[in-house]
Structure formats: C-alpha cells, structure tokens
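Since the structure comes first, as structure tokens, the remarks are kept for the end.
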Amino acid sequence: MEDSFYQKIANSTAHRPVRDLLSGMVLQDKSLLPALMGMAFTIYDKNHHKAWWIAELVFEAKINWMTEYLDAFCNTLPLYSNESAIRPIAKICLFATEEQRKQPGFLNPAHCEKITEACFDWLIKPNGRVANKAYAMRALYFLGKKEGWIYPELTRILTEDAAQHTAAYRAAAKDILKKIGR
C-alpha cells in the first residue's frame, strides 16, 4: 500500500471533513481503492476500522465499485468485532441490499445469505451499538423482500427486543415493522 495514503488513513479521525477528504481522494483516483480495501480487510490492523469509515463514503457514492470486492466483503463479515468497523460495514450492507433491489443480480445468493447472517448477528448482539442494529434491520428489510422467512424472524426480534433498547432503536424498529406491515 502506498505508505503516505496508509499514513493518512492511520492518522485520520472520525470527523466528517477528514473522512470526506480521504474518500474524495479515492473517488478522484480509483487506483487507491485496492489499498483502502486491503487495509479494511486486514482485521488485525489496528486501523482497519478507519479504512471502513472511508470505504463507507466511497461505496455510498459508487456502489458499483464494490463489485470486485463483494466475495471478500461477504466472506469477512463474521470476522469483525470492532464496533467502529461494524457500523460502516453494516451501512455498506444496506447500500448493497438497496442496490440489489434496484439492480437484481448485484448480489448473488451466497452474498445475500452471508449479509443476512451477519445482519441478524449484529441485530441480536447484546452490547452492539444502536446504529449498527438500525443499519442491519434496514438491510434485512430489503433482503426480506425476496426471502420469505426473513420478515417473520425480523418481526419477532424487533418486537421482543424493543423494550430493552433506546428510543432510537425503538423508532427504527417501529419504522421497519410499519414497512413490513406488522
């Protein structure tokens, strides 16, 4: 990886202007994307979560750039434990499932299965962050449009867990349950 780009990521913060600057560099020079994703997929790198912060903004703007990384992305989903990495990863899952709805075939069945499993895992994780759970439930909502078993399970989890969570979680759950028709 280009050392200066790696250092910029390693020295970055979660502040939006910093993330905008670094994601802008990638969006202007796609040749930086393999280095960014290499860092993101290197779970033992203490800064991998920072790479995901930037990747989130890149894929929000250019989800089609994710195509060549989908296999690696989906295969590594269960390996992440850093909540600061899971939030942008869960949001990327949401982007990917939205794109699948717009462009069937963006995700193959194996991708959908792995995203579904990861999202349910994040949703039921006892100490998981609310934002991660909110992105996961929204991604599951899109996946449930094609997989009939998802909505009953999602409904059960959201209904049973709502009382134990914050107002933000309850609001997101209520929105999803309304969309499902429950």
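Any read-out appearing in this document is the output of simple, stated calculations on the displayed coordinates, not a laboratory observation. Note that the structure is a prediction, hence the values are computed from the model and not measured. Using ideal geometry, Cβ is built from the backbone for each residue, glycine included, and neighbour counts are taken over all protein chains shown.
Data for the structure
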quantity	calculated
Cα gyration tensor category, rounded, prolate or oblate, for segment 42-182 with a/c compared to 1.5	oblate
Ratio Rg/Rh, restricted to segment 91-149 and using Cα atoms, in which Rh is the Kirkwood radius	0.96
Centre separation in Å (Cα based) which lies between segment 100-145 and segment 146-182	13
Calculated [θ] (222 nm, deg cm²/dmol) that DSSP helices of n ≥ 4 give over the chain, each run adding -39,500 (n - 2.57)	-22000 deg cm²/dmol
Order of Lys8, Lys178, Lys114 under a 10 Å beta carbon neighbour criterion, fewest first	Lys178, Lys8, Lys114
Sum of side-chain charges, Phe142 neighbourhood, beta-carbon under 9 Å (Lys, Arg +1; Asp, Glu -1)	+3
In range of the label at Asn11: residues from segment 34-73 whose backbone nitrogen is under 18 Å from the point 7 Å along Cα→Cβ	36, 46-48, 50-51, 54
Nearest 10 degrees, 0 to 90: helix 48-61 Cα axis against the chain principal axis	80
